[in-house]
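Asker: There's a structure below that I have some questions on.
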Amino acid sequence: MLPPYHFAAGYMLMAFTPDKDLKKKIFYGVLFGLISISPDLDVLFRVHRSFSHSLVFITMITLPLIIRLRGRSLFRYAVLAYTAYILHILLDLQDPTPALWPIFNGAIWISASFYIKASSPLTINAYITPHFEEYEFKSLSEFLYKAADYNSLIFASLMILAFTLVVASNLHSSKPSN
């Protein structure tokens, strides 16, 4: 999945911050969006979908910090930041991803198809299949990484704009009127 989609998914977590100020919510939305993109920074080291795409690896690093923050004001933000990172990995499961490395030294991906039969009665069928294959971390021979395309930029921008407007509307309607 391309970074604009990941950014938009992370950005939407701002709805779960306790802040009542839209500017703060947007700040955290951008922060969570950047965190959601961060697993792809492995391309700077000429690898992709490496340990940075492992649910096990990020949990081993993050869980002790989250536990230490329990009961403190930053706890919710730490959990949301962790969620932003995990969202990236879950969204990438449409392609082979080493999500369970080092427990499972292979790649996992999920194929899903949904069919709607428009007859009487209306039927919807979902076919979801997990796949497993061997996986080897490899260096990229050249640095060519598709960071965005027209569709991802337009879709992510519209999602971010719409979501910001909804959150702003909810904040405005929750303020007590004088």
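The values are calculated or read from the model by the stated rules, or taken from the named source; none is laboratory data. The model shown is predicted, which means the values in this text are computed figures rather than measured ones. Glycine gets a Cβ as well: all are built from the backbone with ideal geometry, and neighbour counts include every protein chain shown.
A quick yes/no check of all residues on (1) modelled with pLDDT of 95 or more; (2) assigned to a helix (DSSP H, G or I); (3) in contact with a helix residue (DSSP H, G or I) (Cβ under 8 Å, 6 or more places away or on another chain); (4) within 30 Å of LYS175 (Cα to Cα):
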{"site": "ALA8", "(1), (2), (3), (4)": "yes, yes, yes, yes"}
{"site": "TYR11", "(1), (2), (3), (4)": "yes, yes, yes, yes"}
{"site": "LEU31", "(1), (2), (3), (4)": "yes, yes, yes, yes"}
{"site": "LEU44", "(1), (2), (3), (4)": "no, yes, no, no"}
{"site": "TRP101", "(1), (2), (3), (4)": "no, no, yes, no"}
{"site": "PHE104", "(1), (2), (3), (4)": "no, no, no, no"}
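Asker: Of all residues in segment 1-49, count the ones that are β-branched (Val, Ile, Thr), over 19 Å from LEU74 (Cβ atoms) and surrounded by 18 or more Cβ atoms within 10 Å (Cβ to Cβ).
Answerer: Residues meeting the conditions: 1.
Asker: If you go through segment 133-176 one residue at a time, how many are surrounded by 12 or more Cβ atoms within 10 Å (Cβ to Cβ) and modelled with pLDDT under 80?
Answerer: Total meeting the criteria: 3.
Asker: Right, another one. For THR83, indicate whether it is β-branched (Val, Ile, Thr), farther than 20 Å from PHE16 by Cα and in contact (Cβ under 8 Å) with a residue 40 or more places away in the chain.
Answerer: No; evaluated as a whole, the condition is false for this residue.
Asker: On to the next question. Can you work out which of the residues in segment 113-139 that are touching a Ser or Thr at 6+ places or on another chain (Cβ under 6 Å) and either of a type in the set (Phe, Trp, Tyr) or in contact (Cβ under 8 Å) with a residue 60 or more places away in the chain (or both) is farthest from ARG49 (Cα to Cα)?
Answerer: Among residues in segment 113-139 that are touching a Ser or Thr at 6+ places or on another chain (Cβ under 6 Å) and either of a type in the set (Phe, Trp, Tyr) or in contact (Cβ under 8 Å) with a residue 60 or more places away in the chain (or both), the one farthest from ARG49 (Cα to Cα) is TYR127.
Asker: Could you tell me which residue of segment 46-85 is modelled with the lowest pLDDT, considering only residues that are hydroxyl-bearing (Ser, Thr, Tyr) and closer than 19 Å to TRP101 by Cα?
Answerer: Once the filter is applied, the top-ranked residue is SER50.
Asker: Name the residues in segment 79-105 that are over 25 Å from PRO4 (Cα atoms) and either of a type in the set (D, E, K, R) or buried (at least 16 other Cβ atoms within 10 Å of the Cβ) (or both), would you?
Answerer: TRP101
Asker: Any chance you could count how many residues in segment 6-43 are over 19 Å from LEU55 (Cα atoms) and under 16 Å from the mean Cα position of the chain (by Cα)?
Answerer: The qualifying residues number 10.
Asker: Return yes or no: is LEU87 closer than 25 Å to ALA8 by Cβ and part of a helix (DSSP H, G or I)?
Answerer: yes
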